[in-house]
Amino acid sequence: MTTAPPPAAELSADEARRIALDAQGFLGVPDRRGGVRGVLRHLGAVQLDTISVLARSHELIPYARLGAVGRKTVEDAYWTPAPLGASSPRPHAFEYWSHAACILPIEEWPHFAFRRRAYRARPHWYHDLRDGAYEAVIKQLRTEGPLTATELGGAKNGGPWWDWSEAKVAVERALMYGEVVCTGRRSWKRVYDLTERAVPGELLHDDLDDRECLRRLVRLAGRSLGVGTRADIADYHRLKGEQFDAVVEDSGLVPVTVEGWGKPAWADPEALATTPRGRHRTTLLSPFDSLIWERARTERIFGFTHRLEAYVPKPKRVYGYFAMPLLSGGRLLGRVDPAREGRTLVAKQVSLQTRKAVLPMARALREAAEWVGCSDVRVERVDATELRGPLTEALAGL
């Protein structure tokens, strides 16, 4: 682990929390001019996940920051459709392995050259390919244009979910190597295209050496977080601690101490230059939101323990299948496990820290319902039973 130089600033826990909220786009007036693409560039990575309750996570991310932006608008902002007559789209984003499977600004394509080289140098696939299978997929994409794995010949062999077809293995390998890029999703299936055709020419290179890739990603992660520990910043793009150590001194981030953290931290110098001010968002957060996706950081900043329980056996769940934390006034005040039944948003299980969280939860539920086209909200269970009545009344009054 790197030895941090003397801190340039000492931050209170509250100052660090506000810096983090500001860096993640939850403090101040939303930048509607930049829209969804502005949110993506600001965050640097938007995580994808298969679960869809209110909406998929990559839709919930801009919603939480901008409000009720149309879901089609979100998709179009990520994946720019091809103009009529064009052979291939020129996306504003691409999908690749960052914090997990993420949508990334197309400008970051060169920054992941280190990861593409690592995949090429250290094949880790357990699937074998017959001679010529990889080349056949590349040839088909070159001839027919962007295709899903199904259109390439089928995604599965008919066995378990990991029993990929030869075409799926080949195209996923090409994706990791960088010869193919994911330019969008069609019915939640990746759409693959040749990188040379989809990525703008000025970005289509692996010229950056590994150190420069890492330096840029650490700098960008620090900017997106505002302030963070070694683990926080490295985890943003799933870098190793030693990779962070190798470049942090040249990243431009400033060493700081934060009250109560007990670990060295680094901050974006621009975040330290002004005092974060403005209106706080009241909203429900996806469990995959970058504000809270690192559990230890969430506990350290907000004093709030959150865990996605979708993959926990139902009898062992505490808060529900897809519990969404409630952000209001710059604090995490509770959570709700939502569902949809026709035009009704169902709050299956609501957990509130105090009575003061009742009205913010009601507002967040009503706004979310309207966003997804629901006209009613029904509350089923509130952990603090004495708050069920007040929550129901607050919803009725909105």
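The values are calculated or read from the model by the stated rules, or taken from the named source; none is laboratory data. Keep in mind that this is a model prediction, so the values were computed, not measured. As a convention, Cβ positions derive from the backbone with ideal geometry for all residues, glycine included, and neighbour counts pool all protein chains shown. Side chains are part of the model used for accessible areas, which takes the heavy atoms of the whole protein and leaves out ligands, DNA and RNA. Shrake-Rupley method; radii C 1.70, N 1.55, O 1.52, S 1.80 Å.
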Ignoring ligands and nucleic acids, K240 exposes an accessible area, probe 1.4 Å, in Å² to the nearest 10, of 120 Å²
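Structure shown: which of K314/K356; K72/K240; K139/K189; K189/K314; K168/K240 lie over 26 Å apart, alpha-carbon to alpha-carbon? Could the numbers behind the result be given before it?
Values: K314/K356 29 Å; K72/K240 36 Å; K139/K189 20 Å; K189/K314 28 Å; K168/K240 29 Å.
From K314/K356; K72/K240; K139/K189; K189/K314; K168/K240, over 26 Å: K314/K356; K72/K240; K189/K314; K168/K240.
Kindly report the accessible area of the chain per residue (heavy atoms of protein chains, probe 1.4 Å, no ligands, DNA or RNA), in Å². Provide the component values of the computation, followed by the final result.
Numbers: 18050 Å² over 398 residues.
I get 45 Å² per residue for this part.
Highest first, please rank the peptides 378-389, 289-300, 142-153 by the mean number of other Cβ atoms sitting within 10 Å of their residues. Before the final figure, lay out the partial values.
On the way: 378-389: 15.1, 289-300: 19.5, 142-153: 16.8.
Descending mean neighbour count gives 289-300, 142-153, 378-389.
For region 293-398, with all protein chains present and a 1.4 Å probe, just round the carbon and sulfur fraction of the accessible area to a whole percent. Please report the intermediate quantities before stating the final value.
Values: 2460 of 5150 Å².
The value for region 293-398 is 48 percent carbon and sulfur by accessible area.
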For region 185-273, the percent of accessible surface on carbon and sulfur atoms (probe 1.4 angstrom, ligands and nucleic acids excluded) is 46 percent
Quick one: plug the Kirkwood hydrodynamic radius of region 134-280 (C-alpha pairs) into Stokes-Einstein at 20 °C, 1.002 mPa s, and report D in µm²/s.
117 µm²/s
What percentages, rounded to whole numbers, describe P(r) for region 226-313 computed over all alpha carbon pairs with 5 Å bin width beginning at zero?
3, 11, 19, 22, 21, 14, 7, 3, 1, 0
So who's got an amide H within less than 5 Å of the one on Q349, skipping anything under 5 residues away but keeping other chains? H placed 1.01 Å off N, in plane.
D337, R381
Checked against the positive end of the charge dipole of region 248-288 (+1 on Cβ of Lys and Arg, -1 on Cβ of Asp and Glu, about the Cα centre), the farthest of W261, H280, S251 is H280
In the chain, with Lys and Arg counted as +1 and Asp and Glu as -1 at Cβ, which of these residues, A100, Y236, F26, has the Cα nearest the positive end of the dipole, that is, farthest along it?
F26
Mean separation of Cα contacts under 8 Å (at least 6 apart) over the residue count of the chain, i.e. the relative contact order in percent, is 18 percent
Starting from the amide H of A384, placed 1.01 Å from N in the peptide plane, find each other amide H under 5 Å away whose residue is 5 or more places distant or on another chain.
L352
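Given Cβ point charges of +1 (Lys, Arg) and -1 (Asp, Glu) and nothing else, what value in debye, to the nearest 20, does the dipole of the chain about its Cα centre take?
Values: 58 positive and 51 negative charges, 229 e Å.
Rounded to the nearest 20 debye, it is 1100 debye.
For E135, E108, give the ranking by accessible area with the largest first, probe 1.4 Å.
From most accessible down to least: E135, E108.
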